[in-house]
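Following: one structure in structure tokens, then a few remarks.
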Amino acid sequence: MITVSNVGLRYGERKLFEDVNIKFTPGNCYGLIGANGAGKSTFLKILSGEIEAQTGTVHLGPNERMAVLKQNHFEYEENEVLKTVIMGHTRLFSVMQEKDAIYMKENFTDEDGMKAAELEGEFADLNGWEAESEAAILLKGLGIGEDLHEKKMAELTGSEKVKVLLAQALFGRPDVLLLDEPTNHLDIKAIQWLEDFLINFENTVIVVSHDRHFLNKVCTHIADLDFGKIQVYVGNYDFWYESSQLASRLSSDANKKKEEKIKELQAFIARFSANASKSKQATSRKKLLDKITLDDIRPSSRRYPFVGFTPDREIGNDLLRVEGLSKTIDGVKVLDNINFIVNKGDKIALVGTNEVAKTTLFKILMGEMEADSGTFKWGITTTQAYFPKDNSEYFENSELNLVDWLRQFSPKDDSESFLRGFLGRMLFSGEEVLKNASVLSGGEKVRCMLSKMMLNGANVLLLDEPTNHLDLESITALNNGLINFKGSLLFASHDHQFIQTIANRIFELTTDGLIDKQMTYDEYLESAEGQK
């Protein structure tokens, strides 16, 4: 268990936390959420001791061990992969080193023998005899094969290093586990393995993630960082989101009788309690949900941008025909004889391990790159808007403020008031609209690119990883906007919930071509699992 008492932290005049009091208890997984810049990662660093709070204390239970997912991917370059994982248990690794150093001595004394016997006892108590096999199992689950276990970390790819550092954090079943964006750079199989691991993990987990599906799968509680405080709620992310929306509606309806509000709350809890039954933690979670009162749910101060795509013209039936597209880049064939037809109402997710293949297909369809062979033809009723994975060319060296930057892409109304109002709905208010476009953060650039697309009035959207750099609020708004979009859509994303709730068709890009599945993402994953 980890106990936080009266913790506070300020940077100059800016207050991140004040009088934070929480007990994180064993058997629970806490999803720490908050707007970008709210201080989620900073709070994890306070818990781990990397940063010292200005007020208050953090107390770890006696003889308990904390593990943290390391963010420095180059910290262990000269260490072997298997050894790097075991280094996650600092005391065990220290005992192993001391023990080996004694046995390497040429002049082995009686005193050395006594010390070695003492270390051997501690080694056994720390489950040292199982250390290598446990480390190997963790690595295998995350997709790091035995052929890599004896290699040095410097020889691994970036995504492989991330998996090794995650295995390091999970090694030895720590009493408290702190994970900051653990699904970043993980493939779907590794994420599913991690979800299962955490669902069955019996100790305390505190996790920061922008992956809503992941938070829904593993979290028993949500720790909401808002107003400089952290409020803990029972349930997963969807329960927190829906309850905060319900609280906003109830609080704004001052004339509604309390009895009616209670009935609405009871119906809401009953619905989520039923959904919770799919999880291993369901029984205890359901009991806690049933105890929630009207005063336990509070409106959030979160601001959600408005994301809505309205086509200027209705789309016809003949949208896009692709025949025999192939493309080789730097000697590697990334697209091989790709054939498909896009129909009215299709919302297509591009999936597969080759990121370059997806981006290349988008660029060819938008005329930014030529195919080596094959053809494609857009229907005469279609207009396209494109969200590229790399948007840097739109912002670098720009001397324009946001109003003037957006004015370039406004075909209907380029008045100051219209553009300011549009930017305001995308959370750029007041003097923020006069910021130089070249100094925007990653998330702000994405919101500007989405604004550009919305002004386009296109009836076909192509989006390459649009959720990158966005916070949970913006991801939710974009997700809802694309669900409600009346045109057709091709998109690539690693966000499970984003794909599942939007796509009605899956394109899997493989080395042998394209596999077309008319199904949801969950159905696609189940079918892929069944074929193994």
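Some notes on this structure:
- Applying the criterion of being among the small types (Gly, Ala, Ser) and at pLDDT 90 or above to the residues of segment 422-437, the residue that is most open to solvent (accessible area, probe 1.4 Å) is GLY424.
- Selection of segment 78-106 for residues being β-branched (Val, Ile, Thr) and within 41 Å of the chain's Cα centre (by Cα) yields VAL81, THR84, VAL85, ILE86, THR90, VAL95.
- Test: residue in segment 336-348 that is modelled with pLDDT of 95 or more, assigned to a strand (DSSP E or B) and within 30 Å of LEU427 (Cβ to Cβ): yes
- Just so you know, in segment 145-162 the residues that are free of Cβ contacts under 8 Å to residues at least 60 places away in the same chain and part of a loop (DSSP other than H, G, I, E, B) include one that is nearest to the chain's Cα centre (by Cα), and it is THR157.
- For segment 184-211, the set of residues classified as closer than 21 Å to LYS45 by Cα and acidic (Asp, Glu) consists of ASP211 only.
- Being more than 23 Å from PRO411 (Cα to Cα) and not in a helix (DSSP H, G or I) holds for only one residue in THR467, THR476, and it is THR467.
- In segment 78-96, of all residues being part of a helix (DSSP H, G or I) and over 21 Å from MET66 (Cβ atoms), the one that is least open to solvent (accessible area, probe 1.4 Å) corresponds to VAL81.
- Qualifying residue in segment 346-358 (condition: more than 27 Å from PHE485 (Cα to Cα), surrounded by 19 or more Cβ atoms within 10 Å (Cβ to Cβ) and not hydroxyl-bearing (Ser, Thr, Tyr)): no
- Checked against the criterion of being in contact (Cβ under 8 Å) with a residue 24 or more places away in the chain, exposed (fewer than 14 other Cβ atoms within 10 Å of the Cβ), within 20 Å of ALA458 (Cβ to Cβ) and not basic (Lys, Arg), the candidates ILE380, ILE341 yield just one match: ILE380.
- Selection status of GLY141, in contact (Cβ under 8 Å) with a residue 24 or more places away in the chain, farther than 26 Å from LEU198 by Cβ and of a type in the set (Gly, Ala, Ser): no
- When segment 385-409 is limited to residues that are polar (S, T, N, Q) and modelled with pLDDT of 90 or more, the one that is most open to solvent (accessible area, probe 1.4 Å) turns out to be GLN408.
- Breaking point among (1) of a type outside the set (A, V, I, L, M, F, W, C); (2) assigned to a loop (DSSP other than H, G, I, E, B); (3) open to solvent by less than 70 Å² (accessible area, probe 1.4 Å), for ASN63: (3)
- Filtered residues of segment 503-532 (kept if in a helix (DSSP H, G or I) and exposed (fewer than 14 other Cβ atoms within 10 Å of the Cβ)): ASP522, GLU523, GLU526, SER527, GLU529, GLY530
- Failed criterion for THR109 (all others in (1) free of Cβ contacts under 8 Å to residues at least 40 places away in the same chain; (2) open to solvent by 20 Å² or more (accessible area, probe 1.4 Å); (3) within 25 Å of the chain's Cα centre (by Cα) hold): (3)
- Across segment 456-502, the qualifying residues are those that are among the hydroxyl-bearing types (Ser, Thr, Tyr) and more than 24 Å from SER392 (Cβ to Cβ), and the one among them that is surrounded by the most Cβ atoms within 10 Å (Cβ to Cβ) is SER488.
- Candidate set: segment 349-368, residues that are touching a residue at least 60 places away in the same chain (Cβ under 8 Å) and not in a helix (DSSP H, G or I); chosen: the one nearest to ASP187 (Cα to Cα): THR353
- Within segment 205-224, residues that are surrounded by fewer than 24 Cβ atoms within 10 Å (Cβ to Cβ) have Cβ atoms under 8 Å from residues that are basic (Lys, Arg) in these pairs: VAL208/LYS40; THR220/ARG285, counting only partners at least 6 apart in sequence or on another chain.
- Set GLU134, GLU146: member being among the charged types (D, E, K, R) and surrounded by fewer than 18 Cβ atoms within 10 Å (Cβ to Cβ): GLU146
- Close pairs from segment 30-49: first open to solvent by 10 Å² or more (accessible area, probe 1.4 Å), partner part of a helix (DSSP H, G or I) and not aliphatic (A, V, I, L, M), Cβ under 6 Å, at least 6 apart: ASN36/GLY443
- Residue pairs meeting the criteria (Cβ under 8 Å; at least 6 apart or on separate chains; first assigned to a helix (DSSP H, G or I), in segment 430-447; second among the hydrophobic types (A, V, I, L, M, F, W, C) and open to solvent by 40 Å² or more (accessible area, probe 1.4 Å)): ALA437/LEU400
- Residue among ILE315, ILE269, ILE262, ILE292 that is open to solvent by less than 70 Å² (accessible area, probe 1.4 Å), at pLDDT below 85, more than 20 Å from SER209 (Cα to Cα) and not in a helix (DSSP H, G or I): ILE292
- Taking first residues from segment 163-185 that are under 18 Å from LEU148 (Cβ atoms) and open to solvent by less than 20 Å² (accessible area, probe 1.4 Å) and partners that are of a type in the set (S, T, N, Q) and part of a helix (DSSP H, G or I), the Cβ contacts under 8 Å between residues at least 6 apart in sequence or on separate chains come to VAL164/THR84; LEU165/THR84; GLN168/THR84.
- Complete set of residues in segment 454-477 that are within 15 Å of the chain's Cα centre (by Cα) and in contact (Cβ under 8 Å) with a residue 40 or more places away in the chain: GLU465, PRO466, THR467, ASN468, LEU470, ASP471, LEU472, GLU473, SER474, ILE475, THR476
The values are calculated or read from the model by the stated rules, or taken from the named source; none is laboratory data. The structure presented is a predicted model; accordingly, all values stated were derived computationally and were not measured. Note that each Cβ is placed from the backbone with ideal geometry, even for glycine, and that neighbours are counted across all protein chains shown. Each accessible area value is taken on the protein alone, full model and side chains, heavy atoms only, with ligands, DNA and RNA left out. Shrake-Rupley method; radii C 1.70, N 1.55, O 1.52, S 1.80 Å.
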